[in-house]
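The values are calculated or read from the model by the stated rules, or taken from the named source; none is laboratory data. Only a predicted model underlies this, so the values are computations on that prediction, with no experimental measurement involved. Please note: Cβ atoms are built from the backbone with ideal geometry, for glycine as well, and neighbour counts cover all protein chains shown.
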């Protein structure tokens, strides 16, 4: 389970860095408000924008793949997913299913063409 432990540590490090960045940005904004360079409302808006940008960058730069070793682990993993993640997973599964159906249809077409060719040769 060393790989799982390493992934866990990586996730915790990412969460810790996110928390630290949020705290530092809040401190910076509070300092600017004290100096009168920003109003409180501007500071709140800027802080929300920073958080949104940071989350967006974290999602795009961190990609962790987990391979469940049992159906129970898979169920636990699915239970922890957000509704957005579940919707994206369903969409990806639908696309994969469509691709499989098309591949099967193409393979069936290939068999039919081979049968026609064999019949013509006889």
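Values for this structure:
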read-out: So residue 70, is it surrounded by fewer than 10 Cβ atoms within 10 Å (Cβ to Cβ), in contact with a helix residue (DSSP H, G or I) (Cβ under 9 Å, 6 or more places away or on another chain) and either at negative phi or at pLDDT below 65 (or both); value: no
read-out: Top-ranked residue in the range 37-67 [being farther than 20 Å from residue 14 by Cα and touching a helix residue (DSSP H, G or I) at 6+ places or on another chain (Cβ under 7 Å); ranked as modelled with the lowest pLDDT]; value: 38
